[in-house]
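Only one structure is covered here, and it is reproduced in the block below.
The values are calculated or read from the model by the stated rules, or taken from the named source; none is laboratory data. Model, not experiment: these values are computed from the prediction. Note that we place each Cβ from the backbone using ideal geometry, even for glycine, and neighbour counts take in every protein chain shown. Just the protein is used for accessible areas: all its heavy atoms, side chains included, with ligands, DNA and RNA removed. Shrake-Rupley method; radii C 1.70, N 1.55, O 1.52, S 1.80 Å.
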Amino acid sequence: MAFNDDNFMLQTDAAKRIYQDIKDQPIFDYHCHLDPKEIFEDKVYENIVDIWLGGDHYKWRLMRANGVSEDEITGSADKLSKFKAFARTLQRAYGNPVYHWSAMELKNVFGIEEVLTEANAEAIYNRLNAYIQKEEISPRKLIAASKVTFIGTTDNPLDDLEWHAKLAADESMSTTVAPTFRPDQAFIEHAQFADFVKGLSEKTNHQITDFQSFVAALEERIAYFAQHGCKASDISFTEIVFEEADDQVIDNLLAKALKGEKLASLDIKQWQTALFAQLCRLYKKYGFITQVHFGALRNNHSELYKKLGADVGIDSMGDQTALTLNMNRLLDNLVQKDSLPKMIWYNLNPSYNIAVANTLANFQANEVGVKSYLQFGAGWWFADTKLGMISQMDALAEQGILANFVGMLTDSRSFLSYQRHDYFRRILANYLGQWISQGQVPEDYDALGKMAQDIAYNNAQAYFN
């Protein structure tokens, strides 16, 4: 079996047959970190390093593990040196998904079928740059080539959404680019919380004096996002907590945080519980799908964080106690208040996959006919690997209905990352093909092909209306 050929990752005839049903489907990219300004301006890239290595902390993390100096990763080294340093790293990275993604990007986007090594790095570097200029590779060309129909960006609640408005008015843009409401700074442990409250007050002309007025100002921004085509919200929690408190306690926490006073663990849990409940109420009211990413321990290398800031490859998967107790109490509380929106839960630590899928199954009842009203999201970040994807699908298949799964998301800042959808589809086809080969399901290619098509695209399109 040749590496990265047409049957890459497809180990059985059944897998190859199923893959044919999904390989040409479009992409519904409901969560990513692409910049709408870059999409609108659509500038042609100048250098492969800018598009391939710039801002890609997956690759930076790998290069550090191979002893590459920071100067050749995020520093001032010339671009050819950075490219060679990555090539030197890649040729030792067998087994890491970055190895597979990189090979697929080179082949599928740029037509480079050779395996990248330090020896051929300079020649391939020159070929890539020549191709970029000749073909005038730009964000919209990459989006169109991957047949992306929808992009959900990630946006600060105070954003004026200027670039989304311009994209919506651009008749030459066939892909829908919608904002996603991401209020991380509204949680009191965030370093910019006080600045966020001040900005929110100025943006909405609300005098924020208590929790009620804070939520009212947030609702105004949610309504603004809805007017600009927003379909979803997103949030990232270190832990899932449930710690109720009365209104006076929450008001006192707001005052405490605005004064810059030290916050206790209980303070953070009480505010997270209260605010998330109110946000979910509003998300249901405005029809936003609520995405919850949880389990990331961020910025662990303090010296690199001071030097480079966040999102530079120094984060980890976390753990916590009482996860399912807190999830069940949180979700039940939302049901009791008629505030449970459609939700997608992304778990970063695969050891919790069965527990998360099992918990979500408790709250699928709905009278609006939505299949899997609460979704167990695809393997996220450190879990969007072959084993991570399989672990997530195993848990969902055993505890829920895999056929209703909304499938892969990009969750990336790179326009080249759409190859990860093909990677997922190959793993999905192989997964379902093994069921057939092992006699676990009937050899019904119409049913399994339809299931694969739904997971690859149709379910997400339907779930996001």
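The figure for ASP195 is an accessible area of roughly 110 square angstrom, using a 1.4 Å probe on the protein chains alone.
Spin-label model, GLN192 to ASN66: label points 7 Å out along the Cα-to-beta-carbon direction sit 3.3 nm apart. Entry comment: accessible area of the chain is 43 Å² per residue, from protein heavy atoms only and a probe of 1.4 Å. Other residues whose C-beta falls under 15 angstrom from the C-beta of GLU122 contribute a net charge of +1, scoring Lys and Arg +1 and Asp and Glu -1. Calculate, in whole percent, how much of the Cα-Cα pair population of the stretch 294-339 lies beyond 13 Å. Tail of the P(r) past 13 Å holds 65 percent of the pairs.
Counting only alpha carbon atoms, the long axis of helix 97-110 and the longest principal axis of the chain meet at about 60°. In this structure the amide hydrogen of SER372, modeled in the peptide plane, comes within under 5 Å of no amide hydrogen from residues 5 or more places off or on another chain.
Applied to the stretch 202-210, the Karplus parametrisation 6.51 cos²θ - 1.76 cosθ + 1.60 on θ = phi - 60° returns per-residue 3J(HN,Hα) values of 5, 5, 10, 6, 9, 7, 8, 10, 8 Hz, with x for Gly and Pro.
Computed FRET efficiency, Cβ-Cβ of GLN212 and LYS450, R0 45 Å: what is it to the nearest 0.05? Efficiency, rounded to the nearest 0.05: 0.40.
Backbone amide hydrogens, once placed in the peptide plane, bring THR410 within less than 5 Å of TYR30, HIS31, excluding anything fewer than 5 places away on its chain.
Near ILE344, the amide H atoms lying under 5 Å from its own belong to THR290, GLN291, VAL292, GLN375; only residues 5 or more places off or on other chains count, and H is placed 1.01 Å from N. As a ratio to 2.2 N^0.38 Å, the alpha-carbon radius of gyration for the stretch 46-137 is 0.99.
With the simple spin-label model, which puts each label point 7 Å out from Cα in the Cβ direction, the ASN126 to LYS23 separation comes to 3.3 nm.
Taking the C-alpha atoms only, the angle from helix 247-258 to the longest principal axis of the chain is near 60 degrees.
Can you work out the base-10 log of I(q)/I(0) for the stretch 81-130 at q = 0.28 1/Å, using the Debye formula on its C-alpha atoms alone? So the normalised log intensities work out to -1.19.
In the chain, Rg over Rh equals 0.96, where Rg is the alpha-carbon radius of gyration and Rh the Kirkwood radius from pairwise Cα distances. Based on C-alpha pairs under 8 angstrom that are at least 6 apart in sequence, the chain has a relative contact order of 22 percent.
Relative to the longest principal axis of the Cα atoms of the chain, the long axis of helix 211-227 makes an angle of roughly 40 degrees.
Under the rule of -39500 (n - 2.57) per DSSP H run of 4 or more residues, summed and divided by the residues of the chain, what mean residue ellipticity at 222 nm is obtained, to the nearest 500 deg cm²/dmol? Theoretical 222 nm ellipticity from helices: -14500 deg cm²/dmol.
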